[in-house]
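Peer 1: A single structure is presented below for examination.
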Amino acid sequence: MWRNQAMSENLKNVLLKPIFKGNPISVLVLGICSSLAVTVQLKGALVMALSVTIVTGLSSFVVSLMRKSIPNRVRIIVQLVVVAMMVILVDQVLKAYAYSVSKSLSVYIGLIITNCIVMGRIEAFALGNKPGLSLLDGLANGFGYGLILVVVAIVREILGSGSIFGFQIIPQAVYNAGYMNNGLMILPPFALILLGCIIWIQRSIQKDLQEE
Amino acid sequence: MEYISLFVKSIFVDNMIFAYFLGMCSYLAVSKNVKTATGLGVAVIFVLLVTLPINYLLNKYLLQPGALAWINESYADVDLSFLSYIVFIAVIAAIVQIVEMVVEKFSPALYSSLGIFLPLIAVNCAILGGSLFMQEKEFINVGESAVYALGSGLGWFLAIVALAAIREKMAYSHVPKALKGLGISFITVGLMGIAFMTFMGITL
Amino acid sequence: MNTNSNVYTIIYTSVLVIVVAAILAFAATFLKPAQEANVKVETMSKILAAAGVAQDNLSNDEIIALFYNEVAATLTVSAKGYDAEEVVDKDGKPQIFPVSYLKVQSSLIAKGQQDEGKFPVYCFNNGLKVVPIYGAGLWGPIWGYIAFAEDNATVSGAIFDHKGETPGLGAKIAEKPFYSQFAGKSILDEAGEFVSISVVKGGANGSKNGVDAVSGGTITSKAVDTSLRAWLGAYRNYFLACTPMPLNENVEEPSNE
């Protein structure tokens with residue numbers, strides 16, 4: 001039985017760690033660039049999260065398949081080519097089947113190539129592990145990344161536009177009583193401040209992550 | 001489009017960090033003190049300034065729809081734009097590698113201060129972002145793309161040096177334990193971003 | 001096998017590049033029709049929006065059906081104004097011109113060759129005519145569609161779009177507060193002379209030929225102003241030529257033929 005206790009423990013670790021304890025954004029500080037600019041609305045954030053998850057998972061898988069044959073000197077370039085290929089495929093599919101979203105994400109889809117989480121997982125995990133496990137690791141990290149994106153986007157869209165997925169959820173009566181959308185939430189800097197607060201909350205719960 | 005207006009806009013209004021969050025990973029990781037921040041900032045300006053005009057020419061004469069018409073009219077409807085990401089990133093990675101080798105060979109002093117940042121830069125979003133924005137903004141000539149590269153590089157430089165200076169001072173202040181380090185850095189960058197937004201009102 | 005030798009490295013990278021290029025070329029060719037259809041539907045949707053046709057929550061197919069239902073014909077005309085001709089696509093439907101076509105036409109205007117241009121006019125069944133405009137904004141191209149009422153001088157609606165204007169500033173030209181100002185404005189002054197529509201600060205005050213510029217987006221507003229002047233100028237002779245008879249034969253049903 002190869003699927004012994006240690007193995008399933010390992011699998012569980014690969015799947016669950018990136019979501020909270022080793023979250024790529026809030027703990028490892030990877031891939032913040034593209035994440036924040038697309039969080040004004042939930043729809044864009046969701047598509048972005050999905051794209052990053054797919055790219056991270058598939059690139060980890062492919063690189064892991066090739067890991068024994070890659071010449072060491074051109075390792076980084078080979079990895080970049082694989083990642084760039086995945087991103088172009090995602091971009092082309094979005095342009096064909098989700099045109100309006102792809103238009104609103106503009107250059108940020110392309111920037112997934114330089115998203116550190118993709119390269120980070122390839123270097124740290126896929127180069128030393130079997131393809132199947134690497135795929136799961138990539139997907140789980142993408143998911144952990146997407147989770148933060150979605151949380152930030154939900155807060156920004158509710159407070160900034162009073163809606164979710166573009167549907168009004170704050171009733172008109174509240175506006176009539178004098179409530180106003182918080183215009184600050186829509187501005188780019190507020191994504192950073194919200195992220196700071198998320199990290200604050202997480203580190204208050206998990207004291208071992210606090211910095212000296 | 002006037003060069004000066006383009007230059008000022010790309011430094012302040014369309015700042016790579018505060019308006020587009022590009023290159024945040026290394027921005028937060030290397031902003032603990034002013035000296036290293038300056039080194040990385042200079043390296044970013046330099047690499048942007050080299051790669052952007054090259055990618056501009058590649059885009060104009062190879063990638064954009066109809067770009068191949070200069071070879072032969074019959075190639076006019078060839079559209080290679082789907083290859084742009086891969087070409088841009090390959091150019092950036094190659095240039096960074098070449099620059100690193102040249103600097104190491106001819107100026108060991110510069111290499112010891114700048115060289116360690118060069119590998120970091122190949123995967124810095126600000127560099128690829130510069131090329132992608134260049135493609136989207138459809139500049140008219142190489143000069144404009146170079147001015148844009150210089151402006152956005154300077155903007156990035158300013159942002160990282162300013163944050164490093166603030167973080168040096170912040171080491172002495174009483175920040176709640178859970179907010180220390182990363183958390184407070186994010187909030188600081190957010191506040192700096194709000195300050196930078198006042199530049200949006202300027203008329204150019 | 002030595003994975004660090006030069007020969008191996010070169011062969012490995014060459015094979016990789018060929019494989020990747022093949023996959024990408026295949027994907028791009030395979031997905032191209034769907035991508036082009038999206039661009040076409042977007043253009044249709046903008047033209048319909050300029051003409052004030054509501055299209056909330058419609059699918060792509062519904063927008064296409066609605067467009068062909070509303071639009072009687074597409075004409076092209078040069079700045080000379082009397083050489084309007086109907087153009088149809090390969091299915092015999094009114095032709096749709098993408099933004100890249102406008103770019104080519106715009107460069108003709110810039111070179112002073114507007115008499116050789118073929119500027120599109122989308123003629124609606126209800127008598128509205130929608131014409132495009134195109135120009136260079138602060139960062140990239142801006143374009144728009146202006147709908148004219150049957151008198152060929154009064155604007156009934158307009159819509160603008162852009163590629164990369166600064167969000168919150170120049171990008172506001174694509175938002176309702178800006179483009180809704182155009183309804184009811186005229187391209188003719190009191191004396192009936194062509195003056196275009198100017199986009200200036202405070203320009204909306206009482207004037208039927210001006211709208212307010214977007215605040216903070218000076219260069220973008222100026223670009224809209226310049227493009228309007230250039231493109232509407234190119235259509236002036238055509239509008240003059242067909243104004244005395246609002247029910248122009250080109251516009252009407254093919255019963256005249």
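The values are calculated or read from the model by the stated rules, or taken from the named source; none is laboratory data. Just so we're clear, the structure is a prediction, and the values are computed from it rather than from any experiment. Positions of Cβ are generated from backbone atoms using ideal geometry, with glycine treated the same way; all protein chains shown enter the neighbour counts. Quick note on the areas: whole protein, heavy atoms, side chains included, nothing else; ligands and nucleic acids left out. Shrake-Rupley method; radii C 1.70, N 1.55, O 1.52, S 1.80 Å.
Peer 1: Going highest first, how would you order A:91-102, A:192-203 by mean Cβ packing within 10 Å? Please list the in-between numbers first.
Peer 2: On the way: A:91-102: 18.3, A:192-203: 20.8.
Top of the packing list down: A:192-203, A:91-102.
Peer 1: Quick one: what does P(r) look like for segment A:62-212 with 10 Å bins over all Cα pairs, in whole %?
Peer 2: Going from the shortest bin to the longest, the percentages are 9, 26, 30, 23, 9, 3, 1.
Peer 1: Take every residue in peptide A:182-194, count the Cβ atoms of other chains within 10 Å of its Cβ, and give the average of those counts.
Peer 2: Values: counts 0, 0, 1, 0, 2, 9, 13, 13, 3, 4, 14, 8, 3.
Per-residue shielding by partner chains comes out at 5.
Peer 1: Which sequence of B:M134, B:M197 reflects their accessible areas, 1.4 Å probe, from the largest down? Kindly include the intermediate steps, with their values, before the conclusion.
Peer 2: Working: B:M134 5, B:M197 40 Å².
From most accessible down to least: B:M197, B:M134.
Peer 1: Along each of its three principal axes, how wide is the spread of alpha-carbon positions in the protein assembly as shown, in whole angstrom units, largest first?
Peer 2: Result for the protein assembly as shown: principal-axis Cα extents of 85, 64, 57 Å.
Peer 1: Might you tell me the accessible area per residue for chain C, computed with a 1.4 Å probe and given in Å²?
Peer 2: Normalised by residue count, the accessible surface of chain C is 47 Å².
Peer 1: Name the long-range amide H neighbours of C:D161: under 5 Å, sequence gap of 5 or more, or other chain; modelled H, no Pro or chain starts.
Peer 2: C:W143, C:G144
Peer 1: With a bin width of 10 angstrom, please list the P(r) values of segment B:1-80 as percents of all Cα-Cα pairs, from the 0 bin to the one holding the largest distance.
Peer 2: 15, 30, 28, 19, 7, 1
Peer 1: Accessible area lost on pairing A with C, both sides, 1.4 Å probe, Å² to nearest 100? Show your work: numbers first, answer last.
Peer 2: Details: alone 11980 and 13740 Å², together 23880 Å².
That pair hides around 1800 Å² of surface in total.
Peer 1: Name the long-range amide H neighbours of C:S156: under 5 Å, sequence gap of 5 or more, or other chain; modelled H, no Pro or chain starts.
Peer 2: C:A147, C:F148, C:A149, C:G184
Peer 1: Further question: Please report the buried accessible area for the interface of B with A, total over both chains, probe 1.4 Å, in Å² to the nearest 100.
Peer 2: Details: alone 11010 and 11980 Å², together 19410 Å².
About 3600 Å² of accessible surface is lost on pairing.
Peer 1: Can you give the average number of partner chain beta-carbon atoms within 10 Å of each beta-carbon in peptide B:74-82, as a whole number?
Peer 2: Values: counts 0, 0, 0, 0, 0, 2, 3, 1, 13.
Taking the mean over all residues of the peptide, I get 2.
Peer 1: In this model, which of B:K60/C:K90; C:K32/C:K90; C:K111/C:K163; C:K93/C:K129; A:K130/B:K32; C:K90/C:K172 are farther than 25 Å apart at the alpha-carbon? Display every interim value, and only then the final one.
Peer 2: Details: B:K60/C:K90 31 Å; C:K32/C:K90 18 Å; C:K111/C:K163 23 Å; C:K93/C:K129 17 Å; A:K130/B:K32 37 Å; C:K90/C:K172 37 Å.
Pairs exceeding the cut-off: B:K60/C:K90; A:K130/B:K32; C:K90/C:K172.
Peer 1: Using only atoms on other chains, find how many Cβ atoms lie within 10 Å of each Cβ of peptide B:5-11 and report the average.
Peer 2: Mean inter-chain Cβ contacts per residue within 10 Å come to 2.
Peer 1: For Cα pairs less than 8 Å apart in space and 6+ apart in sequence, what is the mean separation divided by the residue count of chain C, i.e. the relative contact order in percent? Provide the component values of the computation, followed by the final result.
Peer 2: On the way: 442 pairs, mean separation 43.1, N = 257.
In percent, rounded to a whole number, it is 17.
Peer 1: Beyond 22 Å, what share of the Cα-Cα pairs of segment B:14-156 is found? Please give it as a whole percent.
Peer 2: Values: 4128 of 10153 pairs.
That tail contains 41 percent of the Cα-Cα pairs.
Peer 1: Using only the heavy atoms of the protein chains and a 1.4 Å probe, how would A:K103, C:K46 rank by accessible area, largest first? Write down the numbers at each step before the final one.
Peer 2: On the way: A:K103 85, C:K46 45 Å².
Heavy-atom accessible area, descending, gives A:K103, C:K46.
Peer 1: Run the 1.4 Å probe and let me know the accessible area of A:R75, rounded to the nearest 10 Å².
Peer 2: 70
Peer 1: Also: Semi-axes, largest first, in whole Å: what does sqrt of 5 times each Cα gyration tensor eigenvalue give for segment C:13-99? Please report the intermediate quantities before stating the final value.
Peer 2: On the way: eigenvalues 247, 72, 23 Å².
Output for segment C:13-99: semi-axes of 35, 19, 11 Å.
Peer 1: Taking R0 as 60 Å, what's the FRET efficiency between A:I154 and C:D83 from their Cβ-Cβ distance, rounded to 0.05? Display every interim value, and only then the final one.
Peer 2: Numbers: r = 56 Å, r/R0 = 0.94.
So, using R0 = 60 Å, E works out to roughly 0.60.
Peer 1: Okay, moving on. Roughly speaking, what is the centre-to-centre gap between segment B:73-136 and segment C:52-88 when only Cα atoms are used, to the nearest Å?
Peer 2: The two parts, judged by their Cα centres, are 44 Å apart.
Peer 1: Still on this structure, I have one more. Which of the aspartates and glutamates could be linked to B:K180 by a straight reach, that is with a Cα gap under 19 Å, when you skip same-chain ones fewer than 8 residues away?
Peer 2: Within the straight-line cut-off, B:K180 pairs with A:D208, A:E211, A:E212, B:E168.
Peer 1: To continue, here is another question. Over the protein assembly as shown, with every protein chain in place, what whole percent of the accessible area is carbon and sulfur at 1.4 Å, could you tell me?
Peer 2: Working: 19070 of 29820 Å².
C and S atoms contribute 64 percent here.
Peer 1: Would you calculate a helix-derived [θ] at 222 nm for the protein assembly as shown, using -39,500 (n - 2.57) for each DSSP H run of n ≥ 4 and dividing by the full residue count, to the nearest 500? Mind showing how you got there, number by number?
Peer 2: Numbers: 24 runs with 365 residues, N = 673.
The helix contribution divided over the protein assembly as shown gives -18000 deg cm²/dmol.
Peer 1: Report, to one decimal in Å, the Kirkwood hydrodynamic radius for segment A:83-147 based on all distinct Cα pairs.
Peer 2: Details: mean 1/r = 0.0779 Å⁻¹.
In segment A:83-147 this quantity evaluates to 12.8 Å.
Peer 1: What residues qualify as long-range amide H neighbours of C:S198, i.e. H under 5 Å apart, gap of 5 or more or another chain, H built at 1.01 Å from N?
Peer 2: Amide H to amide H, under 5 Å and 5 or more residues apart or across chains, C:S198 pairs with C:G210, C:V211.
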